[in-house]
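Accompanying notes for the structure given below.
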Amino acid sequence: MKIGISNDHAAIDLKYAIINHLEAKGYEVVNYGTDSTESYDYPIAGKRIGEAVRDKEVDCGIAICGTGIGISLAANKVKGIRAACVSEPVSAYLTKLHNDANIICFGARIVGEEVAKAIVDAWLDTPFDGGERHVRRVKMIMDIEK
Ligand code: RB5
């Protein structure tokens with residue numbers, strides 16, 4: 001599986017911790033974020049990962065800024081994206097199970113490295129439930145784009 005990751009200047013160290021964690025598990029990770037500590041506008045980072053997932057350059061995405069909120073708002077403006085901002089693994093699990101979130105977001109100023117790894121693992125290890133009501137509700141979300 002190929003996973004995209006994007007970030008602003010607030011999340012470089014956490015991004016590399018996540019990349020190392022995922023590569024050690026055998027995932028291929030594509031870096032769409034900044035590697036500079038110069039201020040980098042999170043809407044650019046969110047748009048980039050949103051477009052990469054939309055265009056199927058990667059199977060899914062991880063987006064990290066200071067809070068995780070700004071980058072998730074930006075990624076969610078790209079059609080086809082369901083980016084969920086979470087701060088603990090239970091929400092990460094449930095947003096894949098029920099919402100089929102295709103991008104997971106969190107904040108480098110909010111969660112520590114171990115919680116971030118647990119979030120990513122819970123989200124990647126969980127399949128979409130696929131039950132009728134969840135399929136219908138996800139479709140209802142996507143129909144709002146039309
Ligand atoms: C950057 O200072 C900060 O605003 C950004 O990382 C993020 O928290 C926005 O939502």
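The values are calculated or read from the model by the stated rules, or taken from the named source; none is laboratory data. Just so it is clear, the structure is predicted and the values come from calculations on it, not from any experiment. In this analysis, Cβ positions are derived from the backbone assuming ideal geometry, glycine residues included, and neighbour counts consider all displayed protein chains.
Observations on the structure shown:
- A Cβ distance below 8 Å, combined with a sequence gap of six or more or placement on separate chains, defines the contacts here; from segment 45-68, residues that are at pLDDT 95 or above reach residues that are assigned to a strand (DSSP E or B) and among the charged types (D, E, K, R) in the pairs Glu57/Lys2; Val58/Lys2; Asp59/Lys2.
- Flag if Ile104 is more than 14 Å from the ligand (Cβ to nearest atom) and at pLDDT 95 or above: yes
- Among the candidates Gly26, Gly50, residue that is outside any helix (DSSP H, G or I) and more than 9 Å from the ligand (Cβ to nearest atom): Gly26
- Top-ranked residue of segment 26-52 - restricted to ones that are charged (D, E, K, R) and surrounded by 14 or more Cβ atoms within 10 Å (Cβ to Cβ), ranked as farthest from the chain's Cα centre (by Cα): Asp41
- The residue that is farthest from the chain's Cα centre (by Cα), among those in segment 59-92 that are over 14 Å from Val120 (Cβ atoms) and more than 15 Å from the ligand (Cβ to nearest atom), is Lys79.
- Within segment 2-22, one or more residues are within 16 Å of the ligand (Cβ to nearest atom), touching a Ser or Thr at 6+ places or on another chain (Cβ under 8 Å) and assigned to a strand (DSSP E or B).
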